Amino acid sequence: MLEIKNLKSRIGDSEILRGLSLSVKAGEVHAIMGPNGSGKSTLAQVIAGHEDYEVVDGTVTYNGHDLLELAPEERAREGIFLGFQYPVEIPGVNNAYLLKAAVNAKRKHQGLGEVDAFEFLKLAREKMATLGMDPKFLNRGVNEGFSGGEKKRNEILQMAMLEPRLAILDETDSGLDIDALKAVAAGVNALRSPDRAIILVTHYQRLLDYVEPDYVHVLSQGRIVRSGDKSLALELEEKGYEWVREAANA
Amino acid sequence: MKQASLSIDSLREVVKTLPDNGLTPSREAALAHLDEHGLPTLRDEDWKYTDLSPLVDISNRWLTAGGQQRPPKLPSATIEAVKTSIDAIWLVISNGTIDEQSIGAIKHKGIEVTRFSDAPSPFVMSRPLADLNAALLQDGLRIRVTGPVEKPVAILIVDRAGESVAVAQSCVEIEVASGVAAEFIEYHASEGDADHYANTVLSIAVGDNADVNHVRIQNRSTRHVQTGRTSIALGRDARLRMASYDLGGRLIRNDIDIDLSEPGADIAFDGLYLAGDGQHIDNHTRVDHRVGPATSSQEYRGILNGNCRCVWNGKAIVHKGADGTDASQANHNLLLSDKAEIDTKPELEIYADEVKCSHGTTVGQLDETALFYLRTRGLDKRHATQVLTHAFAADIVLRAPVAGVKDAITAIVEARLAELIEADAAADLLS
């Protein structure tokens, strides 16, 4: 589904990704771990199409197409979803409006008509109930005055409504209490299916207790320095990131 | 800088052609005032950002051509469209001429509408451009609300500039009796290809303990020029909620003077201005807190795109002894183009001791992070821009104090924003 080869990317003068390669197939869950500043979030932003990150080398193909050619909105309509580490507060834009606009943008791209307003609200309320979100959040400004946990739940709600083929969750677990973490994990697990792929970007092993990854990769200085199964996450937790850094430099 | 000045001689000739009625003495007084003071220039502190040359030029061309008052051709499609969009009791001033039929149609108890010529008041409006208004005014409208009225009272000031240059004056006095609640709408529209200058004067006197909501919509052609002065006085424990929407006009200058001379007065006035290529919109407000306790608050927001300029100057003067004053001012601007310019200035002068005053202004671009966030949700750049600019305008739109007019305002604000962003998208394609 997603094929990244020798990706090099920089923001301004600083090179952040330095030859990263990763292959993700449909049905798989990948966890990307690494210390702060290793390039985890940059990878997520580059896949989503942030224009501040310049791709200087390498290729990213998505379902056989050159992903780097596409604008962020085109990537979204093709089924890529980025759950933000810091979801943006947009006062004055109604949460329900954004959800509907997002779903309709995708439907239009697929040659479908606009979603039925009644069905849409019903579905949104169902998804919110499973995430433990008060339906009142639909009528609030996007993330406006939401707590950290509410913002992350709201990201998962958007993901659930958009049903992406490739979901990248950037530190969705950070700053969550255990209830919120469980709700978020349940939302992610509900999305797991043979035709979807999920990339979890995380600093800690904690989320992986609830969402079991097929592969774990460790990022250091803009490259994947080690890959393995879920046991790698546990090993990492035990030995700390210094261990991989040393391994990378060796 | 040398500025063209108004041709007083031509003005005097044109004033002579106006019907001799009860307004003649105030016209003479206004003419004398204008002769002595002239029109404001860029050297005047309050006018330094707004060059009045376009309106001087239009006025001089019109005056030297004889200054003919264009006979109103009623009804026009614009008038009907506006009236249909808002359910209200309508009074119409078309090309400076009061529509007698619209006065005659008012049969509501609690409203009295008369003309200045019926019972003239002496010339008192000596403020800049109000003198020009008084000198050329054909007739003015006086509206008194003395009891409850089931609908808003709306004044439509509409101008049509057909084949040749034209100038129109309108003057409206509103008075709301003690303890009465009333709603007003002031709608400015214009059409036509010729140059046009409209000069309006409005006064609102809110009686003791009266409660007034007022919405002003300026949706003129972007070819036309308008200046307007609104003078507001609030009685004891009186309350006024006001919102102003400036969407059109080539050169727009609004002055609002608010006098708070009675304790317990409470006024909130907000504004939204949307400016595109070639537009200049200037809002000057002044609140005089003469006694306390009294409250005034204002928030103006602007969205600017293309080569345009806007000005906001909010002055609040808390006079000696006006303890218990609570005054706040805010002005926030969204600049969508690097060719757009805003001059924003809050001015607080405080001579009393026990006061609560605050002010804040911001000037910013669209939030790039929010734009990217929306795009990752599948909204294209234009849609995302539209959503964010709407959100910026939404607060002021929602604050329209007359409920029945919100839908109409939402529709025209949406339409104008779409035009502004469309222009931007076109520029993107060319660059």
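Laboratory data are not the source of any read-out in this text; all were calculated from the coordinates shown. As the structure is a computational prediction, the values presented were derived from the model and not from experiment. Methodologically, a virtual Cβ is constructed for each residue, glycine included, from the backbone with ideal geometry; neighbour enumeration extends over all protein chains shown.
Going from the fewest other Cβ atoms within 10 Å to the most, the residues B:ILE185, A:ILE4 appear in the order A:ILE4, B:ILE185. Largest GNM mean-square fluctuation among B:ASP44, B:ASP159, B:ASP237, using chain B with Cα springs under 10 Å: B:ASP44. Using R0 = 51 Å, the C-beta based FRET efficiency linking B:ASP193 and A:THR59 works out to 0.35. Seen from A:LYS100, the other residues with C-beta closer than 14 Å to its C-beta sum to a net charge of +4, counting Lys and Arg as +1 and Asp and Glu as -1. One Cα centroid belongs to the range B:114-136, the other to the range B:395-414; the line between them spans 32 Å.
Net charge of the neighbourhood of B:GLY207, taken over other residues with C-beta under 12 Å away and scored Lys/Arg +1, Asp/Glu -1, is -2.
For A:LYS122, the shell of other residues with beta-carbons less than 14 Å away shows a net charge of 0, using +1 for Lys and Arg and -1 for Asp and Glu.
Mean per-residue shielding of peptide B:365-372 is 4, counting Cβ atoms of other chains within 10 Å of each Cβ. A Förster radius of 45 Å combined with the Cβ-Cβ distance from A:TYR86 to B:GLU347 puts the calculated FRET efficiency at roughly 0.75.
Divided by 2.2 N^0.38 Å, where N counts the residues, the Cα radius of gyration of chain A comes to 1.00. Largest GNM mean-square fluctuation among A:VAL225, A:VAL88, A:VAL55, using chain A with Cα springs under 10 Å: A:VAL88. Going from the residue with the fewest nearby Cβ atoms within 10 Å to the one with the most, A:GLU150, B:GLU349, B:GLU419, B:GLU45 rank B:GLU45, B:GLU349, B:GLU419, A:GLU150. Take every pair of alpha-carbon atoms less than 8 Å apart whose residues are at least six positions apart; their mean separation over the length of chain B yields a relative contact order of 10 percent.
Placing dummy labels 7 Å off each Cα toward the beta-carbon, the span from B:SER85 to B:GLU36 is 4.3 nm. For the pair A:GLU74 and A:LYS136, label points projected 7 Å from Cα toward Cβ lie 4.3 nm apart. GNM remark for chain A: springs join alpha carbons under 10 Å apart, and the peak mean-square fluctuation among A:PHE81, A:PHE118, A:PHE146 falls on A:PHE118. For the range A:19-113, applying the loop criterion from DSSP together with a ceiling of 15 other beta carbons within 10 Å to the GluC sites (Glu not before Pro) yields A:GLU51.
Summarising the overall dimensions of the range B:246-369 from its C-alpha atoms, the Rg and Dmax are 15.8, 48 angstrom. Shielding of peptide A:90-99 by partners, expressed as the average count of other chain Cβ atoms within 10 Å per residue Cβ, is 5. Under 15 Å from a label point set 7 Å out along the Cα-to-Cβ vector of A:ASN6, the amide N atoms of the range A:45-78 belong to A:56-61.
Think of it as helices only: each DSSP H run of n ≥ 4 in the protein assembly as shown is worth -39500 (n - 2.57), and spread over all residues that comes to -9000 deg cm²/dmol at 222 nm. Put in line by how crowded their Cβ is, counting other Cβ atoms within 10 Å and starting with the fewest, A:ASP134, B:ASP246, B:ASP323 read A:ASP134, B:ASP323, B:ASP246. Computed from phi, the 3J(HN,Hα) profile of the range B:158-165 under the Karplus parametrisation 6.51, -1.76, 1.60 (θ = phi - 60°) reads 10, 10, 10, 9, x, 8, 10, 3 Hz, with x in place of Gly and Pro.
For B:ARG43 and B:GLU112, the FRET efficiency from 1/(1 + (r/R0)^6), where r spans their Cβ atoms and R0 equals 60 Å, is about 0.90.
State whether chain B is rounded, prolate or oblate according to the following rule on the C-alpha gyration tensor (a ≥ b ≥ c being the square roots of its eigenvalues): a/c under 1.5 gives rounded; otherwise a/b larger than b/c gives prolate, and the remaining case gives oblate. The shape class here is rounded. For the residues of B:378-388, the average number of beta carbons from a partner chain within 10 Å of their own beta carbon is 5.
In chain A, Cα pairs under 8 Å separated by at least six residues give a relative contact order of 28 percent.
Considering only beta bridges that DSSP places wholly inside the protein assembly as shown, some 15 percent are antiparallel.
Total lysine pairs in the range B:304-384 at Cα distances under 25 Å, for residues eight or more apart or on different chains: 6.
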